[in-house]
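The values are calculated or read from the model by the stated rules, or taken from the named source; none is laboratory data. Being a predicted model, the structure only gives us computed values, none of them experimental. Virtual Cβ from ideal backbone geometry, glycine too; neighbours counted across all protein chains shown.
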Amino acid sequence: MTEQNNGRSGPADSAAALGQQLKAEIGRVIIGKEEAVELLVVALLCEGHTLIEDVPGIGKTTLAKALAQCLDCGFSRIQFTPDLLPSDVTGIFFFNQKNSEFEFRAGPVHANIILADEINRATPRTQSSLLEAMEERQVTVEGETMALPRPFLVLATQNPVELEGTFPLPEAQLDRFLLRIALGYPNEDDEVAIIRRYATPSPPEPLAPIIGRDQLMELARGVRGVYLSDAVTGYAVALARATREHEAIELGASPRATLALCRAAQALAALRGRDFVVPDDVKYLCTPVLSHRLLLRHHHRLHGAAVDRVLRGIVDNTPAPVEPVPRVVGS
């Protein structure tokens, strides 16, 4: 029996290396948001959809486009507006007069990376056209079901402050997002660096692709093998169940949310060079994975209670397991 000194293995080495490369490349256009970039790479390794939410001008769209440029995959951008139709997203069958047959014209959702810009500006009918695609990686048009290419990720942006002309995402769709990322304003030094970088006559060069779709899918499968102990699994379940029993929360985390928390923790552990998940991985991801899935009771919303603050209280009051470094049996 041999003890692992650093917890590194093949998938963990590869994921950690990819994470460093992506952080360095995306850091050429996004300054001072290392935590947000790390969370985005976690979503990438889980093939999980991400909701990037913050006020205008923070860099939400730039971040999503930067990640897409670093991947040798198909990319499409959908600008969500009130007049956007479901067929504008999924595609349509049309009659080709040349051959007198109906043909399918694919919509922008038939790509690997989808940037759904300002997703809450589209009507609920159009928003719902993404539900099947996000959960089952397929679309159904006029009774015919078509598989979407893999990997398939939706990177959606929205402004949480502006209400006029927007349609809040329904809980069923929010639950399909693996993570919610809030960028926040840059600090003073980072803002100065942003001005210096973009106020010059020569803008930064385009980002270079770092990984292709086949390599990415292989790495994502490897990350699923990161060790998740019964104790850490039980900790994730305890956090999710606590949201369902908390007096301030009307709608708690679903079993899909618990699974998302565990999968994201596996990816985060691999990114940090470990082939096993520790309780701190789950604790770190609790807010970005669960916050957008919870709904506070009306009384607590009126009194200014914030979901993030309630979640922090749940984490503080849920005992975390204390485990030794896993040991592996030598062959």
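For the reader, a short list of remarks on this structure follows.
- Of all positions in segment 40-48, at least one carries a residue that is on the phi < 0 side of the Ramachandran plot, among the small types (Gly, Ala, Ser) and under 15 Å from the mean Cα position of the chain (by Cα).
- For segment 1-13, taking the residues that are surrounded by 17 or more Cβ atoms within 10 Å (Cβ to Cβ) and part of a loop (DSSP other than H, G, I, E, B), the one that is modelled with the lowest pLDDT is identified as Gly7.
- Qualifying position, being in contact with a Lys or Arg (Cβ under 8 Å, 6 or more places away or on another chain) and over 19 Å from Thr318 (Cβ atoms), among Arg263, Arg272: Arg263
- Answer from Glu205, Glu132, Glu144, Glu188 - the residue that is of a type outside the set (A, V, I, L, M) and surrounded by 13 or more Cβ atoms within 10 Å (Cβ to Cβ): Glu132
- Annotation: Arg256 fulfils all but one of (1) without any contact (Cβ under 8 Å) to a residue 60 or more places away in the chain; (2) under 24 Å from Ile113 (Cα atoms); the unmet one is (1).
- Any pair with Cβ under 9 angstrom, 6 or more apart, that starts in segment 215-227 at a residue that is within 13 Å of Leu44 (Cβ to Cβ) and in contact (Cβ under 8 Å) with a residue 60 or more places away in the chain and ends at one that is of a type in the set (Lys, Arg) and surrounded by fewer than 20 Cβ atoms within 10 Å (Cβ to Cβ): Met217/Arg150
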